[in-house]
1. Any idea of S146's accessible area? Nearest 10 Å², probe 1.4 Å.
2. Quick one: plug the Kirkwood hydrodynamic radius of the range 176-296 (C-alpha pairs) into Stokes-Einstein at 37 °C, 0.692 mPa s, and report D in µm²/s.
3. What Kirkwood hydrodynamic radius do you get for the range 6-102 when you take the inverse of the mean 1/r over all pairs of distinct Cα atoms, in Å?
4. With all protein chains present and a 1.4 Å probe, how do M1, M244 order by accessible area, largest first?
5. With point charges of +1 on the Cβ of Lys and Arg and -1 on the Cβ of Asp and Glu, referenced to the Cα centre of the chain, which listed residue (V128, N52, P65) lies farthest in the positive direction of the dipole?
6. Suppose every Lys and Arg Cβ carries +1 and every Asp and Glu Cβ carries -1, with no other charges. What dipole size does the range 1-132 come out with about its Cα centre, to the nearest 20 debye?
7. Run through every distinct alpha carbon pair of the range 105-242 and return the Kirkwood hydrodynamic radius in angstroms, one decimal place.
8. From zero up to wherever the largest Cα-Cα distance of the range 113-172 sits, split into 5 Å bins and tell me the percent of pairs in each.
Amino acid sequence: MPMKHAILGAGGVGGLLGACLAHSGASVTMVVRAETLGQYPKTLRLESAFGNFTVDVALAAEVPPVDVLWITVKATQLESALSAVKNPQAARAFVPLLNGIDHVALLRSRYGAGRVIPATIAVETERVSPGHIVHRSPFARLNVLSAGRDVLGGTVEQLQKMGFACSFIDDEPTLMWGKLVFLAPFALTTTAADKPVGEILADPEWRSQGVACVREACAVGVAEGAKVNPDKVLAGVAGMPRGMRSSMQKDVEQHKAPELDAIAGPILRGAKRHGIEVPVTAKLVAAVERRADLRG
């Protein structure tokens with residue numbers, strides 16, 4: 001029997017994941033808001049380096065009985081999105097792909113530690129209209145805590161065949177901070193400067209701030225128990241597509257609330273706990289707040 005998946009969050013990440021799983025033969029239900037259920041298409045159309053195709057999916061306003069519930073909403077939308085989980089026992093496993101770290105503890109407190117499988121994804125993908133997903137980066141990297149191998153092993157193999165780069169990570173702090181020390185400097189600098197990553201790297205001042213932010217984030221990550229190396233992170237940033245832009249940058253452009261607390265908050269709070277100075281991160285956060293007019 002094919003695995004049954006539900007996707008809570010029909011945006012770029014959820015749409016990419018849903019389309020690839022359905023294309024691989026899995027059963028996929030997109031969980032959308034009740035008020036949009038009648039207008040949402042029963043297909044997903046994907047444009048991607050992995051292929052251009054359209055697949056059929058089921059639709060629901062609440063999470064049906066499934067093997068895996070993937071949670072792919074913005075961190076700012078998590079509380080409202082979880083109202084679709086009417087039956088906490090509907091899913092065998094909950095796999096959050098949100099930015100940040102704090103959501104894992106929240107989900108475990110509600111649905112049980114053993115059923116929440118932390119995971120991260122690195123990708124640039126966008127829902128350009130309901131059901132139409134454009135995967136813009138040449139990669140999609142999915143990392144999953146090794147404790148989820150029994151549930152997700154087959155699914156990971158399917159996604160790898162589609163083109164995803166997938167790994168199981170033994171250590172949860174390394175899994176979660178491994179993304180955050182890359183994402184936070186990328187999101188904060190591109191948003192504060194309103195430039196794609198290539199222009200950040202080409203500008204000595206912005207590049208310097210980005211490098212310092214990476215080193216600050218890694219210092220906090222190490223203090224939190226993660227195995228992260230700033231030089232490896234910086235090498236990864238140097239290899240990014242030059243036109244790549246962060247989702248935080250796009251949110252601010254579109255006058256949406258950025259995921260500032262989810263992405264920068266763990267660094268700022270961790271720094272305070274451990275007595276670590278993070279002046280560049282704090283400066284970039286303030287710049288994003290000004291651009292997003294959050295202080296008002």
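1. The value for S146 is about 20 Å².
2. 233
3. 13.5
4. From most accessible down to least: M1, M244.
5. Farthest along the dipole direction, towards plus: P65.
6. That gives the range 1-132 a dipole magnitude of about 320 debye.
7. Across the range 105-242, the inverse of the average 1/r is 16.6 Å.
8. Binned Cα distances yield the sequence 4, 17, 23, 21, 16, 12, 5, 1.
The values are calculated or read from the model by the stated rules, or taken from the named source; none is laboratory data. For clarity, every value in this text was computed on a predicted model and none was experimentally measured. Neighbour counts run over all protein chains shown; Cβ positions are idealised from the backbone, glycine included. These accessible areas exclude ligands, DNA and RNA; they are computed on the full protein's heavy atoms, side chains included. Shrake-Rupley method; radii C 1.70, N 1.55, O 1.52, S 1.80 Å.
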